[in-house]
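First comes the structure, then the notes that go with it.
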Amino acid sequence: MTDPQPLLSLRGVSTHYGAIQVLRDIDLEIHAGEVVCLLGGNASGKTTMLKTILGYVVPTRGEVLLDGRRITGLPTQRLVGLGVSMVPENRRLFKRMTVRENLEMGCYLRNDSEEVAKDFERVFALFPRVRQRFGQRAGTLSGGEQQMVAMARALMARPKVLLMDEPSMGLAPVLVEQNFEIIREINEQGTTVFVVEQNATMALSIADRGYVLQTGRIVLSGTAESLLSDQRMRTAYLGEL
Amino acid sequence: MTTVVEAPAAAVGSRVVMIGLVGGAVAVFVSANGMVEAFSERELLDGLTLGAVLLLSIPLLVGYVAGRRQPELEGFATRPPGWRNPATGLLAGFISGVTIGAFVLLIATVDLRGVLLNVTPELVRDDPRILTFGLEPGAGAGLLVGLFAVLGGLAGAIQVLPDLWRRAVLAAVGWVLAFGLMQAVVSQVLRGLQQQLRIWTEPLADFLYDTSGALSIAGITVVAVLGFCLQLLGSRKPRALVNARLERLTDRSRRIVRVAVLAAALLLLGLLPQVLGSFLSEVLNIAGIFLLMALGLNIVVGFAGLLDLGYVAFFAVGAYTTALLTSPQSSLGVGWIFWLAVPFVVLAAAVAGLLVGTPVLRMRGDYLAIVTLGFGEIARLLFLSDWLKPTFGGAQGIIQVGDITVGPVGVRTPQAFFYVIFVFVLLAAYATYALQDSRIGRAWMAMREDESVAEAMGVDIVTAKLSAFIVGAVLAGFGGALFATKIGSVFPHSFNVIVSITVLVVIIVGGMASVPGVVLGTMVLVGLPELLREFEEYRFLIYGALLIFMMLRRPEGFIPSKRRAEELHEEEIAQDEWLKTQDTGSRPEPGSRPEPGSRPEPS
Ligand SMILES: Nc1ncnc2c1ncn2[C@@H]1O[C@H](COP(=O)(O)OP(=O)(O)O)[C@@H](O)[C@H]1O
Ligand SMILES: [Mg+2]
């Protein structure tokens, strides 16, 4: 948090689906180099927040800033070019395409083929299994492998900030741990990470800071250590797990 | 340790009864709907009419399916083929025979014409007693039962043969049927070859076929032997042999071979319409126009996954644009030459693509299908309407559409037209391949899979969808332009929903997203019906039956794209892979099993 200007920030964002308000006056900042997590129970609005950042839904009030520039209301396909990529909830790979083709879709907008080749090597180094499964159709991969391909696909865009929606969902505990290990590694290589999770202990173990969302409102925020020791967090949230 | 497990007798029995009954039902159906009678006009094989062949092919199929060998399953003992195969075939054939025999007795005693229009007295009551081969109903029914049983048994017996021989027998039967049905084509080709190349082929036609056009006994023998032998030889994989030979050549001689093959192909192609004569060339031309449309729709549906049921609209736009610009009789009255109109066809079709594409951008799947279906009808009604009659001529359409000219020469004969259509088809096929491997091709594929994730990857969905609609529309527009100038006039009634459906069926049956599949689909579903006029009345019945069969047994189409075949047979492929690792008996591929002590497998 040495950099005064956040990489990505939400200022007073409210989002509605029809008449129903899902996000209420959200203020949130992510600085370059950080791992920030957003914690919250089911239906608290976590996915909606990511959708708002990515432009799938347009906030009814407030704004989303990337590098100080307003990106509210930009069409989704523009964001990846600006450095925002996402690992969607439930991975959502292109199931009938091969792993290779999935990764190629990840760098769909890039023209710098030499740098792309380097990034392929980089994701292979992070996920050796992805190299093994390169020609296989994504739909036939196991859940853990799919999660790796989804992360690799997002990294192929060489994003400034990587948004991840519940990367632990549906994975065996040992895999979850591995997964977060890799997320930390990605962060150490210079990518800012914003991870949305229900699994608070796991997320806080790698995050610098965290926010807690409850029915669309941020009720708690702070450094990972402060949240882990916060009494309200213990009772209101961690206990619920 | 293998266990011998036999299917319980009752299960086998009920399967055979089921197959027999289905065969019987089909036999009754084709008799009652008039197919057998309609087809009995034509003598197909010496002494046998097409109707008889249709009827008698049923016990053959039934017996072949019922007498099927047990599939080999690991861990189970497979019963060697033996007397059971013909016996089950015979039983199934017998059951089918009893069914059709009962039907014969029924219509001999009760007049069903009030309900079933096509159950005419000529079927069994009056001469020529088509169903009973001229016999009295009682004797006829007996004959049918006997014939069906014997044929079923014979077909079941084929299953006893080793694979190689079994395939050769099937090939012989297939060749005889094909040569019989294709008499017009075969004779014409033999005649054309003699005319064009001055080789002595025409007398061959007289040898193969009687004066009535049926395959003669001698012809049947020769064709059967030919099919049998070629299949036996063919199973030695001549292609592999050729490839192996090519491998051994030097680069330079390989290039020479390639050029020679290309030159030979071009030469053959140049000769093709001349050899085929005007009627068959015309058939090819009609198929070619549909092929152009099918390649276009393949991009929209097969690549981009947008189910467009109103595709005929673009065909109509192409045809009307050509007519307006090239006919001196049209409201514009400019009477341009065809090629001058082509850029405007592209333009008009592209605009039409945009007009249809834009409002449906946010629609998916079934909604899109219904809305485009509506658009197709709207287009036809607009061309037909009184409102636009001053421009499009209403029901009278536009006549005197200009001919295609190449320099000062007009393209008038079907043979000449073939070359023009061929060039367009080649262009469309090339475009298909180029687009498939292009960026936009990838974007379409991703969009078909998951629109919103594709968006997050940077795919502009609007551009991707509209470009698919536009490319498809332009290809259909070309089809329409060629159609208009070939016929020489355009009328709104040519552009009904049947055209859209036909094109869609072509790509589904042929193989979605596969160019060879689309070509084969067009030849079979558009070309064949033009040749086999007997089937005209039953065209859509056959389409329907074929569609159902394909969806049940081979949903990926005749010649699927590799991708689709894999998608639809995922389980089987996975199993095959597994079996392969079992076969080799060696360790499975690295990575397919967790090795003890390695990192735990993601599951
Ligand atoms: N497309 C939508 N239309 C209407 N309501 C929605 C839609 N998507 C989500 N919601 C609602 O918004 C709330 C928050 O959903 P979501 O952001 O998916 O929660 P989370 O990701 O935290 O589980 C839920 O009550 C959900 O029912
Ligand atoms: Mg969610």
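See the values below:
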| item | result |
| --- | --- |
| P(r) weight above 24 Å for segment A:1-114, C-alpha pairs, percent | 33 |
| Per principal axis, descending, Cα span of segment B:494-572 in whole Å | 40, 22, 21 |
| Cα centroid separation - segment A:1-77 against segment B:77-112, whole Å | 72 |
| Nonlocal amide H pairs with A:Ile26, under 5 Å, H built at 1.01 Å | A:Gly12, A:Val13, A:Ser14 |
| Relative contact order, percent, segment B:1-160 [alpha-carbon distance under 8 Å, six or more residues apart] | 32 |
| Other protein chain Cβ atoms within 10 Å, averaged over every residue that makes up B:440-448 | 3 |
| Heavy atoms of B:Ile508 accessible to a 1.4 Å probe, total area in Å² rounded to 10 | 40 |
| Exposure of B:Cys229 as accessible area (Å², to 10), given a probe of 1.4 Å and all protein chains | 60 |
| Mean-position separation - Cα centroids, segment B:474-525 and segment B:279-336, in angstrom | 8 |
| Helix runs (DSSP H) in chain B reaching 30 Å along axis by Cα, Kyte-Doolittle at least -0.5 | B:9-32, B:84-109, B:137-158, B:251-297, B:414-436, B:461-487 |
| Relative contact order (%) - criterion: Cα under 8 Å, at least six apart; region: segment B:310-389 | 35 |
| B:Lys389 - accessible surface, heavy atoms, 1.4 Å probe, Å² rounded to 10 | 90 |
| Which of A:Val36, B:Ala184, B:Ala416, positive extreme of dipole for the protein assembly as shown (C-beta unit charges) | B:Ala416 |
| Whole-number D in µm² s⁻¹ for segment B:278-564, Kirkwood Cα-pair radius fed into Stokes-Einstein, 4 °C, 1.567 mPa s | 68 |
| Overall dimensions of segment B:10-60 as given by Cα atoms, namely Rg and Dmax in Å | 13.4, 43 |
| Over the protein assembly as shown: helical MRE at 222 nm, DSSP H runs n ≥ 4 each giving -39500 (n - 2.57), nearest 500 | -19000 deg cm²/dmol |
| Relative contact order of chain B, pairs being alpha-carbon contacts under 8 Å that are 6 or more residues apart, as % | 13 |
| Fraction in percent of alpha-carbon pairs per bin - 20 Å, the protein assembly as shown | 12, 33, 34, 18, 3, 0 |
| Segment B:145-205 and segment A:181-206: distance between their alpha carbon centers, rounded to Å | 69 |
| Heavy-atom accessible area order for B:Leu116, B:Leu546, A:Leu155, B:Leu233, largest first, 1.4 Å probe | B:Leu233, B:Leu116, B:Leu546, A:Leu155 |
| Amide proton proximity set for A:Val87, modelled H, under 5 Å, gap of 5+ | A:Leu163, A:Met164, A:Asp165 |
| Relative frequency of Cα-Cα separations exceeding 48 Å in chain B, percent | 25 |
| Segment B:Arg364-B:Met182, extension gain: residue separation times 0.36 nm, minus the distance between their alpha carbons | 61.2 nm |
| Peptide A:74-80 - average C-beta neighbours from other chains (10 Å radius) | 5 |
| Student exercise, segment B:1-160 dipole from Lys, Arg, Asp, Glu Cβ charges, in Debye to nearest 20 | 500 |
| Nonlocal amide H pairs with B:Ser489, under 5 Å, H built at 1.01 Å | B:Val401 |
| Heavy-atom accessible surface of chain B: percent carbon and sulfur, 1.4 Å | 68 |
| Among the listed pairs A:Lys51/B:Lys465; A:Lys118/A:Lys160; A:Lys51/B:Lys562; A:Lys118/B:Lys465, those beyond 27 Å (Cα-Cα) | A:Lys51/B:Lys562; A:Lys118/B:Lys465 |
| Check: segment A:88-241 dipole with +1 on Lys, Arg Cβ and -1 on Asp, Glu Cβ, in debye | 460 |
| Dipole of segment B:1-160, positive direction: furthest Cα of B:Gly89, B:Leu73, B:Gly146, with charges on the beta-carbon | B:Leu73 |
| Two-site FRET efficiency, B:Asp206 against B:Leu241, from Cβ-Cβ distance with R₀ of 35 Å, rounded to 0.05 | 0.45 |
| Computed magnitude of the charge dipole of the protein assembly as shown (debye, nearest 20; Cβ of K, R +1, Cβ of D, E -1) | 1080 |
| Separation in nanometres of the label points that stand 7 Å from Cα toward Cβ, at A:Arg232 and B:Gln329 | 8.5 |
| Solvent exposure ordering (accessible area, 1.4 Å, most first) of B:Arg15, B:Arg539 | B:Arg15, B:Arg539 |
| For q = 0.12, 0.14 Å⁻¹, Debye-computed log10 I/I(0) when each Cα of segment A:95-158 counts as one equal scatterer | -0.24, -0.33 |
| Aspartates and glutamates whose Cα lies under 17 Å from that of B:Lys486, excluding same-chain neighbours fewer than 8 positions away | B:Glu282, B:Asp403, B:Glu530 |
| Accessible area, probe 1.4 Å, largest first, for residues A:Leu54, B:Leu143, B:Leu267 | B:Leu267, B:Leu143, A:Leu54 |
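The values are calculated or read from the model by the stated rules, or taken from the named source; none is laboratory data. Note that the structure is predicted; figures quoted are calculated from it, not measured. A quick note on method: Cβ atoms are made from the backbone with ideal geometry, for glycine too, and the neighbour counts reach across all protein chains shown. Heavy atoms of the whole protein, side chains included, go into the accessibility calculation; ligands, DNA and RNA do not. Shrake-Rupley method; radii C 1.70, N 1.55, O 1.52, S 1.80 Å.
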